[in-house]
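Asks: Sharing a structure, written as structure tokens. Questions coming.
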Amino acid sequence: MRFSPNHFSLAQCLCLLILVLCPAFTEGAPPTADERALGEIARLLAAKEWNTAADQARSLAEKTKPAKARLAALEHLAEALAGLGNPEESRQTAQRAGALFRELEKTRLAKAKVYSRNRSTLDGTREYAIGLLRKRQAAAQAAGHAEAAVAIAVALARRFPAHHKRRTFALEAGEQLLALGRQDEAAPWFVAALDTGLDCAFLAKAALRENQVQLDAVANPLSRDLVRRALAGLAGNPKGVVASAAKNFHTALVLTRLPNDRKAREALYTLQAKRSPGHGLPTDIVRLELARTHLRSGRFPEARETLARIKIRRNPKRPGPGTHRQNATASHREFLLGMAANAGLDREKAVKHFAKAATRGGGALAEQARYEQARSLELGGH
């Protein structure tokens with residue numbers, strides 16, 4: 001029989017009826033009560049109505065049963081509390097959110113492979129915590145709570161010293177501290193932002209894609225802008241760094257990432273020999289990087305010799321220009337001397353150097369120095 005458009009099968013008629021009478025099939029289900037409540041809280045946060053947002057988020061977190069909605073409510077509550085100027089309560093709420101996130105991840109990955117669970121613990125949980133810290137920091141800044149915002153920036157830099165963005169975290173902490181006039185606390189973070197570390201990388205591409213960001217932190221150079229901003233922070237003046245000095249130092253840092261560090265050493269020796277106090281590139285910062293370059297290649301005597309040339313004033317009664325930077329530099333000098341002593345199996349000397357690094361370096365290096373101190377004690381049989 002010839003087909004006519006006037007002839008429809010029963011199935012075709014049913015489909016047409018569903019499309020006409022049930023637009024929900026094509027437009028999606030309407031938002032739930034929890035979703036509407038979360039949307040309203042997000043609107044209140046954007047409008048900086050911190051009190052109302054906090055009240056609604058707290059109420060939703062207490063009464064709602066779905067874990068995902070409760071997690072979102074806790075996140076909003078932590079953000080609102082930061083906007084209200086309650087940093088401690090905001091921090092505690094963020095901890096509750098983090099614990100719930102880990103529970104949800106554990107459930108989600110219950111049947112996954114061990115590798116996937118480990119990657120989630122390493123990456124997912126960490127990135128979630130960083131994202132929540134960023135939200136709280138933004139809320140505190142938007143509400144004008146500068147001290148609370150700076151405290152969160154410092155907490156971010158301290159909690160994730162091995163993160164691939166650790167230098168950016170350190171730089172932001174230093175700049176925000178400096179903006180409040182706390183130069184003595186800012187200097188260690190600027191020095192930390194310029195710390196290239198002691199890891200070596202001989203490949204630019206990771207075998208596993210998820211490891212690429214970690215490899216990039218070792219194999220890729222610091223950005224020129226980060227170098228310039230860190231040097232300006234150390235100088236305490238955005239205009240206190242000559243562009244060519246920052247450019248030349250950045251070029252030397254790029255060269256330190258090559259398997260053969262000969263060109264890097266030549267560039268650093270050249271910068272070390274220059275006597276231009278006004279260019280904004282402190283000689284002791286160059287020498288720290290030269291010492292790291294020696295340590296990475298196992299030239300321990302050369303590293304110790306370079307570090308010995310960094311002269312530190314002992315407890316000056318009248319702190320002058322550069323004193324804050326000098327204290328930060330001293331902590332890194334002691335830390336690198338400790339690493340060199342460990343390489344020479346002199347555990348006792350290493351412990352002493354790490355102890356000095358922990359006490360002089362402020363929050364930027366203290367925890368890492370204490371860890372290496374404990375490790376040296378253990379290796380020494382204590």
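The values are calculated or read from the model by the stated rules, or taken from the named source; none is laboratory data. Here the structure is a predicted model, which means the values were calculated and not measured. Cβ sites come from the backbone with ideal geometry, for glycine too, and all protein chains shown count toward neighbours.
Asks: Kindly provide the set of residues from segment 228-267 that are among the hydroxyl-bearing types (Ser, Thr, Tyr) and either surrounded by 16 or more Cβ atoms within 10 Å (Cβ to Cβ) or outside any helix (DSSP H, G or I) (or both), ordered by number.
Replies: First pass over segment 228-267, keeping only residues among the hydroxyl-bearing types (Ser, Thr, Tyr): 244, 251, 256.
Selection gives THR251, THR256.
Asks: Limited to segment 47-73, what total is found for residues that are without any contact (Cβ under 8 Å) to a residue 24 or more places away in the chain, outside any loop (DSSP other than H, G, I, E, B) and surrounded by fewer than 19 Cβ atoms within 10 Å (Cβ to Cβ)? So that I can check it myself, show each step before the final result.
Replies: Filtering segment 47-73 for residues without any contact (Cβ under 8 Å) to a residue 24 or more places away in the chain gives 47, 49, 52, 55-59, 61-63, 65.
Retained after the next criterion (residues that are outside any loop (DSSP other than H, G, I, E, B)): 52, 55-59, 61-63.
Pick out the ones that are also surrounded by fewer than 19 Cβ atoms within 10 Å (Cβ to Cβ) and you get 52, 55, 58-59, 62-63.
Of the residues in that region, 6 qualify.
Asks: Before we move on, is VAL286 modelled with pLDDT under 90, surrounded by 12 or more Cβ atoms within 10 Å (Cβ to Cβ) and β-branched (Val, Ile, Thr)?
Replies: Values: modelled with pLDDT under 90: no; surrounded by 12 or more Cβ atoms within 10 Å (Cβ to Cβ): yes; β-branched (Val, Ile, Thr): yes.
So VAL286 does not fit the description; no.
Asks: Restricting the search to segment 198-211, which residues are surrounded by 15 or more Cβ atoms within 10 Å (Cβ to Cβ) and free of Cβ contacts under 8 Å to residues at least 24 places away in the same chain? Even if it seems obvious, please write down each step before you answer.
Replies: Keep residues of segment 198-211 that are surrounded by 15 or more Cβ atoms within 10 Å (Cβ to Cβ), which gives 201, 206.
Within segment 198-211, ALA206 is the sole residue that qualifies.
Asks: Okay, moving on. Which ones in segment 122-151 are within 17 Å of the chain's Cα centre (by Cα) and of a type in the set (S, T, N, Q)? Show your work before the answer.
Replies: Of segment 122-151, the ones within 17 Å of the chain's Cα centre (by Cα) are 122-138, 149-151.
Passing the criteria: THR125, GLN137.
Asks: Surrounded by fewer than 16 Cβ atoms within 10 Å (Cβ to Cβ), modelled with pLDDT under 90 and part of a helix (DSSP H, G or I): is that true of ASP123 in this structure?
Replies: Details: surrounded by fewer than 16 Cβ atoms within 10 Å (Cβ to Cβ): yes; modelled with pLDDT under 90: yes; part of a helix (DSSP H, G or I): yes.
In short, yes.
Asks: In the list ASP216, ASP195, ASP225, ASP184, which residue meets the criterion of being under 30 Å from GLN141 (Cα atoms), surrounded by fewer than 16 Cβ atoms within 10 Å (Cβ to Cβ) and within 20 Å of the chain's Cα centre (by Cα)? Walk me through how you get there before you give the answer.
Replies: Values: ASP216 fails: under 30 Å from GLN141 (Cα atoms); ASP195 fails: surrounded by fewer than 16 Cβ atoms within 10 Å (Cβ to Cβ); ASP184 fails: within 20 Å of the chain's Cα centre (by Cα).
On inspection, the qualifying residue turns out to be ASP225.
Asks: Being at pLDDT below 90 and not small (Gly, Ala, Ser): is that true of PHE3 here? Give the steps one after another, and end with the answer.
Replies: Values: at pLDDT below 90: yes; not small (Gly, Ala, Ser): yes.
Here the answer is yes, as PHE3 does meet what is asked.
Asks: Here's something else I'd like to know. Could you please let me know if LEU215 is without any contact (Cβ under 8 Å) to a residue 24 or more places away in the chain, under 27 Å from ALA369 (Cα atoms) and not basic (Lys, Arg)? I'd like the intermediate steps shown before the answer.
Replies: On the way: without any contact (Cβ under 8 Å) to a residue 24 or more places away in the chain: yes; under 27 Å from ALA369 (Cα atoms): yes; not basic (Lys, Arg): yes.
The answer is yes for LEU215.
Asks: For segment 172-195, what are the residues that are in contact with a Lys or Arg (Cβ under 6 Å, 6 or more places away or on another chain) and within 16 Å of LEU222 (Cα to Cα)? So that I can check it myself, show each step before the final result.
Replies: Taking segment 172-195 as the starting set, the residues that turn out to be in contact with a Lys or Arg (Cβ under 6 Å, 6 or more places away or on another chain) are 187, 193.
Correct list: ALA193 only.
Asks: Just name the residue that is nearest to ALA138 (Cα to Cα) out of those in segment 74-115 that are free of Cβ contacts under 8 Å to residues at least 40 places away in the same chain and not in a helix (DSSP H, G or I).
Replies: My answer is ASN86.
Asks: Can you report the number of residues in segment 168-227 which are of a type in the set (Gly, Ala, Ser) and within 26 Å of ASN118 (Cα to Cα)?
Replies: Residues of segment 168-227 that are of a type in the set (Gly, Ala, Ser), as a first pass: 170, 173-174, 179, 181, 186-187, 192-193, 197, 201, 204, 206-207, 217, 219, 223.
Narrowing the set further to residues that are within 26 Å of ASN118 (Cα to Cα) leaves 197, 201, 204, 206-207, 217, 219.
Qualifying residue count for the region: 7.
Asks: Hey, another quick one. Please list, ordered by first then second residue, the pairs with beta carbon atoms under 6 Å, 6 or more apart or interchain, first in segment 132-152 and closer than 13 Å to LEU177 by Cα, second surrounded by 21 or more Cβ atoms within 10 Å (Cβ to Cβ) and charged (D, E, K, R).
Replies: Once the first residue is closer than 13 Å to LEU177 by Cα and sits in segment 132-152, its partners that are surrounded by 21 or more Cβ atoms within 10 Å (Cβ to Cβ) and charged (D, E, K, R) give ILE152/ARG136.
Asks: Do we have any residue at all in segment 207-224 that's assigned to a helix (DSSP H, G or I), touching a Leu at 6+ places or on another chain (Cβ under 7 Å) and at pLDDT 80 or above?
Replies: No, segment 207-224 has no match at all.
Asks: For a quick check of your reading of the model, give me the residue pairs whose first member lies in segment 268-281 and is under 20 Å from ARG229 (Cα atoms) and outside any helix (DSSP H, G or I), whose second is at pLDDT below 65 and aromatic (Phe, Trp, Tyr), with beta-carbon atoms closer than 6 Å and at least 6 apart or on different chains.
Replies: Final answer for the pair search is none.
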